[in-house]
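To keep things clear, I will list the structure first and then write my remarks on it.
Where a number appears in this text, it was derived from the coordinates with a stated rule and is not lab data. Note that the coordinates shown come from a computational prediction; the quantities given were computed from them, not determined experimentally. All Cβ positions, glycine included, derive from the backbone under ideal geometry; neighbour counts span all protein chains shown.
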Amino acid sequence: EAQVTQNPRYLITVTGKKLTVTCSQNMNHEYMSWYRQDPGLGLRQIYYSMNVEVTDKGDVPEGYKVSRKEKRNFPLILESPSPNQTSLYFCASSLRTGVHEQYFGPGTRLTVT
Amino acid sequence: AQSVTQLGSHVSVSEGALVLLRCNYSSSVPPYLFWYVQYPNQGLQLLLKYTTGATLVKGINGFEAEFKKSETSFHLTKPSAHMSDAAEYFCAVEGGGNKLTFGTGTQLKVEL
């Protein structure tokens, strides 16, 4: 089954404790992206990747890191999480940008206390 | 730069009534336009998209949207609402730059 998977689905952590949210897709997509969803703000892009070893900042990259060492994986790293990073995070992938639809993972709900 | 405005963060309709969710966009290049739906506790899934050609686009679950360049709009409609349509709907624009920009979403409530 074609899908985007994210782990963990739920995470409660404390300020400053490094964490990684994994994202994997099995559709051989070139493009992958991370979004955060906050009430009243919709989805905002954090980082995206056009292909292996090619990443770029989205609209809200501060406090996040990503890497794309393999085509299927695109982990999101929070080196020192803060309470304002409490949010619902989505990973998405698409064949390429432009006309191609994005396929979304199920989401990771992160709470930073 | 590109942006999306969705008018009305909450829309309520009766079952069987017309659904109209509004979306206006701005883009410096001919845009690709999308509507996504998010059911509770799920990720987003594509309802429909406009790329080129016919301006009236049909999607899944009886939804359709019309691209109106002169009005910079891409409103989503469905003739008859069903209880299962209750969800949050997002309009999005891809206007170059490898970036999909989302609106802030419209929560659709369907009442008996």
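Work out the FRET efficiency for A:A2 and B:S14 from their Cβ-Cβ distance, taking R0 = 35 Å, and round it to the nearest 0.05.
Details: r = 36 Å, r/R0 = 1.04.
That pair, A:A2 with B:S14, gives E of 0.45.
In terms of Cα to Cα distance under 28 Å, which lysines are near enough to B:K109, apart from those fewer than 8 places away along the same chain?
Here the lysines satisfying the reach criterion relative to B:K109 are B:K49, B:K58, B:K68, B:K78.
Label 7 Å along Cα→Cβ of A:R96; the range A:25-56 residues with amide nitrogen under 15 Å?
A:29-32, A:50-52
At 10 °C and a viscosity of 1.306 mPa s, what translational diffusion coefficient does Stokes-Einstein give for chain A, taking Rh as the Kirkwood radius over Cα pairs? Give it in µm²/s as a whole number.
114 µm²/s
Suppose a student asked you for the relative contact order of chain B, using Cα pairs under 8 Å spaced at least 6 residues apart; what percent would you report?
For chain B, the relative contact order is 38 percent.
Using a basic spin-label model with each label point 7 Å from the Cα along Cα→Cβ, how many nm lie between A:D38 and B:H82?
That separation, rounded to one decimal, is 3.6 nm.
How well do other chains shield peptide B:37-46, expressed as the mean number of their Cβ atoms within 10 Å of each residue Cβ?
Partner Cβ neighbours, averaged per residue: 5.
What residues qualify as long-range amide H neighbours of B:L47, i.e. H under 5 Å apart, gap of 5 or more or another chain, H built at 1.01 Å from N?
B:W35, B:Y36, B:V37
If packing is taken as the average number of other Cβ atoms within 10 Å across a peptide's residues, how do B:64-76, B:26-38, B:1-13 rank, most packed first?
Most protected by this proxy first, the peptides run B:26-38, B:64-76, B:1-13.
Counting alpha carbon pairs within less than 8 Å and at least 6 residues apart, what relative contact order, in whole percent, applies to the range A:39-113?
21 percent
Mark the label point 7 Å from the Cα of B:L7 along Cα→Cβ and return the residues of the range B:82-105 whose backbone N is within less than 16 Å of it.
From the range B:82-105, the list is B:91, B:104-105.
Let me know the mean shielding of A:35-48 by other chains, meaning the per-residue number of their Cβ atoms within 10 Å of its Cβ.
4
Spelling out what I want: for every residue of the range A:36-44, take phi, set θ = phi - 60°, compute 6.51 cos²θ - 1.76 cosθ + 1.60 (Karplus), and round to whole Hz; glycine and proline get x.
Working through the residues one at a time gives 10, 10, 10, x, x, 10, x, 9, 10 Hz.
Multiplying the sequence separation of B:N98 and B:L46 by 0.36 nm and subtracting their Cα-Cα distance, what value in nm do you get?
Working it through step by step, the gained length comes to 16.9 nm.
Shielding of B:98-109 by partners, i.e. mean partner chain Cβ atoms within 10 Å per residue?
Partner Cβ neighbours, averaged per residue: 5.
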